[in-house]
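Following: one structure in structure tokens, then a few remarks.
The values are calculated or read from the model by the stated rules, or taken from the named source; none is laboratory data. No experiment lies behind these values; they were computed from the predicted model shown. No Cβ is skipped: glycine too gets one built from the backbone with ideal geometry, and neighbour counts run over all protein chains shown. Note: accessible area is taken over every heavy atom of the protein model, side chains too, but ligands, DNA and RNA are not part of it. Shrake-Rupley method; radii C 1.70, N 1.55, O 1.52, S 1.80 Å.
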Amino acid sequence: MPDTSPPLTTAVVGLQWGDEGKGKIVDRFASEHDAVVRYNGGANAGHTIVVDGERFALHLIPSGILSPGTKAIIANGTVIDPDKLIEEIQALEARGIDTDGLVISDRAHIVTPYHKLEDARRERLLADDEDPMGAIGTTRRGIGPAYADKAYRDTAVRVCDLLDEDALRLQLARAHAYAPSEVRNDPDTPPPEEVARHLAEVGRYLRPRITDTCYLIDDLLRAHKRVLFEGANATLLDIDHGTYPFVTSSNASALGISAGAGISPRRIERIVGVAKAYCTRVGKGPFPTEIEGELGDTIRTAGNEFGTTTGRPRRIGWLDLVALRYACMLNDVDSICLTMLDVLRGIDPIRVCVAYDLDGHRTDRFIPDARTLMRVRPVLVSLPGFHDEIRGIETREALPPNARHYLSYIEEHAGVPIELVSVGPAREQTIVA
Ligand code: IMP
């Protein structure tokens, strides 16, 4: 007899450069799960969810917090800006959302004010560098420096340290002493004793939520509870497999789940990838299908493509099937959730990239090295657009024929079925494909 029970573990990951609409998809799956786990990144991510017409923007807390009774777990692979976390907890509570289910790994790392200043300092240095690649265009949320300190070890602060004021004082004194002189002498740099005092206070506030989340996840799975893993940022921003160095500083693909949540890869049963019907990118870095000018502006406005975290206008591009195939391969996704299809209404033709031209040679392989990827030219195919409103449509069959053709074309080129199609921001504007 085939096993028809639903998978105990599902992961939802972004297949492009972030902002694919993972929040909405996670929110949809969350109600069928007992816990949602965030395993990487920090306040650089931004998830926007619209529930009953109310808009929620979350940066650190897993979107599962909006599903009553679902545990929201911030696991060890994350870097936490404690002030942002507390702000988010309090904002949710002010809107009547129960946050009792939120727990935080004792081994997650803390983003300190020094990390944010260092992030900004390095971006300034890079902008002035003679290398034409220039600055990374980070969110300046201290993500890179916090992960760098994690690797350095001697200057890192972990969540468990928040509960030991003496350890905190020592660690922060060293973090301050080892910081570059520009950061140390910056008038905005708080003295280490002040940071230690503040973090100890934060520790007292967060104490009831701090735990060993590896054991917690294991306990949940042993009790046959369903656990959802929510990736922040996205595959093409993954530090090992994205468009390095224009990436974030964690493993943002499904490959980061094991280390970032303390779970064996053997226990991850289903992996769902989220992709937009076109592409966007925030910050710098190669973007082979980028659309400049008026058409890009039209799509940006229709899709409200402005960063949840920084408010920056997102760069817009055609769907890159070379990149999508790569992301599907790397994550070995079971299915794709395609979002923002409604935004393409009225764009005719819709173009997609099926291969790259690199120095006169055609390739259908993605090139994760930024300098090389900057040299490719996209091989674009034009597909007929659709003009009818699709926001109220509830089945794939009821979509306009050209929209259906677009979905089939993507499935054929990605080699993966589309499971859900999002045709609007609201929870119910989703088609089970
Ligand atoms: P960092 O993560 O702040 O270091 O930024 C590194 C790069 O990743 C920048 O180009 C950011 O704009 C980008 N980035 C990081 N997180 C996200 C995200 O959640 N969505 C989109 N871009 C992101």
*Could you run through the range 412-433 and say how many residues are assigned to a loop (DSSP other than H, G, I, E, B) and open to solvent by 20 Å² or more (accessible area, probe 1.4 Å)?*
7
*In this structure, is residue 65 over 15 Å from residue 233 (Cβ atoms), away from the ligand (no atom under 16 Å from the Cβ) and free of Cβ contacts under 8 Å to residues at least 40 places away in the same chain?*
yes
*Name the one entry in 12, 37 that is touching a Pro at 6+ places or on another chain (Cβ under 8 Å), at pLDDT 90 or above and not hydroxyl-bearing (Ser, Thr, Tyr).*
37
*What about residue 120, is it surrounded by 19 or more Cβ atoms within 10 Å (Cβ to Cβ), within 23 Å of residue 190 (Cβ to Cβ) and in contact (Cβ under 8 Å) with a residue 12 or more places away in the chain?*
no
*asked:* Cβ-Cβ distance below 6 Å, separation of 6 or more or different chains: which pairs start in the range 306-332 with a residue that is assigned by TED's automatic domain parsing to the domain that holds residue 277 and under 27 Å from residue 43 (Cβ atoms) and end on one that is part of a loop (DSSP other than H, G, I, E, B) and aromatic (Phe, Trp, Tyr)?
replied: 315/287; 317/287; 323/366
*asked:* Quick check on this structure: which one of 395, 372, 363, 339 is among the hydroxyl-bearing types (Ser, Thr, Tyr), crowded, with 18+ Cβ neighbours inside 10 Å and in the same structural domain as residue 291 (by TED's automatic domain parsing)?
replied: 339
*In the list 179, 151, which residue meets the criterion of being among the aliphatic types (A, V, I, L, M), without any contact (Cβ under 8 Å) to a residue 24 or more places away in the chain and either within 28 Å of residue 103 (Cβ to Cβ) or crowded, with 21+ Cβ neighbours inside 10 Å (or both)?*
151
_Within the range 314-329, tally of residues that are under 17 Å from the mean Cα position of the chain (by Cα) and within 16 Å of the ligand (Cβ to nearest atom)_ = 4
